[in-house]
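The values are calculated or read from the model by the stated rules, or taken from the named source; none is laboratory data. These numbers were taken from a predicted model, which means no experiment stands behind them. Positions of Cβ are generated from backbone atoms using ideal geometry, with glycine treated the same way; all protein chains shown enter the neighbour counts. For accessibility, only protein heavy atoms count, side chains too; no ligands or nucleic acids. Shrake-Rupley method; radii C 1.70, N 1.55, O 1.52, S 1.80 Å.
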Amino acid sequence: MNGVCPAIAAPLLAWYDAGHRDLPWRAEPTPYRVWVSEIMLQQTRVEAVRGYFSRWMERLPTVRALAEADEAVYMKLWEGLGYYSRVRNLHRAAVQLCEQYGGELPGDYETLLALPGVGDYTAGAVASIAFGLPVPAVDGNVLRVAARLEGDFTPITDPKLKRTVRARFAALMPHDRPGDFNQALMELGATVCLPNGAPLCSGCPLRHLCLGYQNGTAAALPVRAAKKARRLENRTVLLARCGSLVGLSKRPGSGLLAGLWELPSLPGHLTPDQTRERLAEKGWQIDKLLSLRPAKHIFTHVEWHMIGYYLELANRPEGLTFAAPPDLRADYALPSAFRAFLSVIEEET
Ligand code: SF4
């Protein structure tokens, strides 16, 4: 990388000032609001985050409110956003902030970086947007823009690229508007310099400075190393009713969807007879068994291919917790992977 042209700052900021998306966390960029929004936005689309952010701020408006909240409350507020380690880290960090910093986020990049769940991008975003510190915030979006501006063919996952881009942006960042500079880059990546070979160069304020555009290579950048194929996992999901109640189990405390409630399931795709047999061994007394529509859920590294059965039970087997359907939505954080099966109950309620 030869260096992003220092002249990008002025046209980028002028473009940002002329009109950018009206996002709830931009209206009042306190450190807490910037932090929570940035954690929510990791791996999640802006449009999906809006509602979550507003509900979160209504219920948990301060670091202290988050630190003192019950797990069920913050998990429920996060339900459907996925990557649940993010919300657990938010809570752990809030507790730490109350113990060590009087319930405030510190205005110091290194200290922010040491908080649970805070990486260089989030620390940079909070430091620059909320505290006005001249620190870059480089995520995948910004790396894409930088690789195209520079016509750089280094694979985007190569840590060298990120280090270089961070150093370049740190050097050219206007010290009077570091937060706006970072947000303008993010905005450009999200609305103009789009991913998957689809940059909208004709509307880009940096076109005259962009090597990717000038060389005709923008759409081919950034270079991505071939992805490892996702592991496929077959599961048989059980929507088990005892009277009007629904049986739930809790996932293990570590790994995928750690500690969340789920519909119980069995490994593999089992026939009705195999399912009856397997569950009888565990003491389940099944009165009725009906097939449900299959569903698929894609996580980062694994894909669940699920078939499902609706069961009516004559007993409440050990190890299951039973909940009334209206409480499922209100009190239990159930991953969206099970949404297709739960829709049977939602139709009913
Ligand atoms: Fe991206 Fe095109 Fe703008 Fe270059 S000119 S930064 S490739 S949108």
Using a 1.4 Å probe on heavy atoms of the protein chains only, the accessible area for SER291 in Å², nearest 10, reads 90
Counting only DSSP loop positions in region 300-336, the GluC sites (Glu not before Pro) whose Cβ has at most 15 other Cβ atoms within 10 Å are GLU318
Residues meeting the amide H criterion for LEU334 (H placed from the backbone, H to H distance under 5 Å, 5 or more places apart or on another chain) are none
Fraction of alpha-carbon pairs in region 57-180 farther than 19 Å apart, rounded to whole percent, equals 56
Carbon plus sulfur, as percent of the 1.4 Å-probe accessible area of the chain, comes to 50
Gyration tensor on Cα atoms of region 87-154, a ≥ b ≥ c root eigenvalues, a/c under 1.5 rounded, else prolate if a/b beats b/c, else oblate, says prolate
To the nearest 10 degrees, the tilt of helix 85-101 (Cα long axis) against the first principal axis of the alpha carbons of the chain is 60
The ratio Rg/Rh over the Cα atoms of region 1-137, Rh being the Kirkwood inverse mean 1/r radius, stands at 0.99
Quick calc, ALA314 & TYR101: beta-carbon distance into FRET formula, R0 56 Å, rounding 0.05, result 0.50
Per the rule of 0.36 nm per residue minus the C-alpha distance, extending HIS208 to ARG21 adds in nm 65.0 nm
Sorting PHE341, PHE131, PHE153 on solvent-accessible surface, 1.4 Å probe, most exposed first, gives PHE153, PHE131, PHE341
So the number of lysine pairs in the chain with alpha-carbon atoms under 22 angstrom apart, 8 or more residues apart or on different chains, is 9
Contact order relative to length for region 159-284, counting C-alpha pairs under 8 Å separated by 6 or more residues, stands in percent at 13
Expressed per residue, the solvent accessible area of the chain in Å² (1.4 Å probe) is about 48
Measuring from the longest principal axis of the C-alpha atoms of the chain, the long axis of helix 272-281 (C-alpha) lies at a number of degrees, nearest 10, equal to 80
Inter-part gap, Cα centre of region 309-349 to Cα centre of region 136-154, in whole angstrom, is 44
With +1 at each Lys and Arg Cβ and -1 at each Asp and Glu Cβ, the charge dipole magnitude of region 218-318 around its Cα centre, to the nearest 20 debye, comes out at 500
PRE zone check, label point 7 Å out along Cα-to-Cβ of LYS282, amide N under 12 Å, scope region 311-349, hits 317-321
Cα-Cα pairs in the chain separated by more than 26 Å, as a whole percent of all pairs, come to 58
Hull volume per residue for region 192-290, using the convex hull of the C-alpha atoms, in Å³ is 221
Expected unfolding gain across SER343-THR62 under the 0.36 nm per residue rule, minus the alpha-carbon gap, is 97.7 nm
If one compares the long axis through the Cα atoms of helix 339-348 with the longest principal axis of the Cα atoms of the chain, the angle in degrees, nearest 10, works out at 60
For the chain, averaging the sequence separation of alpha carbon pairs under 8 Å that lie six or more residues apart and dividing by its residue count, the contact order in percent is 16
Taking Cα pairs closer than 8 Å and at least 6 residues apart, the relative contact order of region 213-349 in percent is 31
